[in-house]
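This report concerns only the one structure given below.
The values are calculated or read from the model by the stated rules, or taken from the named source; none is laboratory data. Since the model is a prediction, treat every value here as computed from it, not as a measurement. Note that we place each Cβ from the backbone using ideal geometry, even for glycine, and neighbour counts take in every protein chain shown. To get the accessible areas, we keep the full protein, side chains included, count just its heavy atoms, and leave off ligands, DNA and RNA. Shrake-Rupley method; radii C 1.70, N 1.55, O 1.52, S 1.80 Å.
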Amino acid sequence: MYKNMAGSAHPLAPTEIAVQAVPDDERVWVPQAEGVWFRPLMLNTLVGQWCNLLRVRRSGVLSRHLHPNPVHGYVIKGRWYYLEHDWVAETGSYVFEPPGEIHTLMVPEDVSEMITFFNITGSMVYLDENNQHAGYEDVFTKIDMCRTHYEKVGLGADYVDQFIR
Ligand code: FE
């Protein structure tokens, strides 16, 4: 047991997070691209990692990207696949994307909405058709996007702070 423990956690331990993952308030979804949003859950600035929900309401190619670090996913709603692989991530599927994996996310035409939980470490490196770098995202670009959006929709830029550790 910890010494000088007032509650159930060590005094230096960060605070926990417990939220309704799929929010009632539409404003919590941060627009990412046409028909694509993310919902932050945990933005880890010490490890350089983040957990979020990805919501897609359009079909076709979403992005081609590389993960230098591992990604874990759990499909909450809908269905998707990668052009490079022959499996389909169905509702309820768990997906592990190993470091070095390059893939192109596709949502089938008959899926009106896809929601997937992703736990991403490091960065997402976007690539064009020739595998040339086309941009990146990390926990800090995610936080910046959240701040800008939450300010704009009236939740306040600091709404995102509850998800940051
Ligand atoms: Fe991926």
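Table for the structure above
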read-out	value
Any hit, segment 60-77, residues being part of a loop (DSSP other than H, G, I, E, B), away from the ligand (no atom under 15 Å from the Cβ) and open to solvent by 50 Å² or more (accessible area, probe 1.4 Å)	no
Segment 27-59: number of residues that are among the β-branched types (Val, Ile, Thr) and within 16 Å of the ligand (Cβ to nearest atom)	2
Residue within segment 79-91 that is under 15 Å from residue 53 (Cβ atoms), surrounded by fewer than 16 Cβ atoms within 10 Å (Cβ to Cβ), away from the ligand (no atom under 14 Å from the Cβ) and free of Cβ contacts under 8 Å to residues at least 24 places away in the same chain present	yes
Filter result (open to solvent by less than 50 Å² (accessible area, probe 1.4 Å) and without any contact (Cβ under 8 Å) to a residue 60 or more places away in the chain) within segment 19-32	23, 29
Residue match in segment 107-122 (condition: touching a Phe, Trp or Tyr at 6+ places or on another chain (Cβ under 8 Å) and farther than 22 Å from residue 21 by Cα)	yes
For residue 16: the one exception among (1) in a strand (DSSP E or B); (2) open to solvent by 60 Å² or more (accessible area, probe 1.4 Å)	(1)
Scan of segment 128-161 for residues that are crowded, with 18+ Cβ neighbours inside 10 Å and more than 16 Å from the chain's Cα centre (by Cα), ordered by number	150, 159
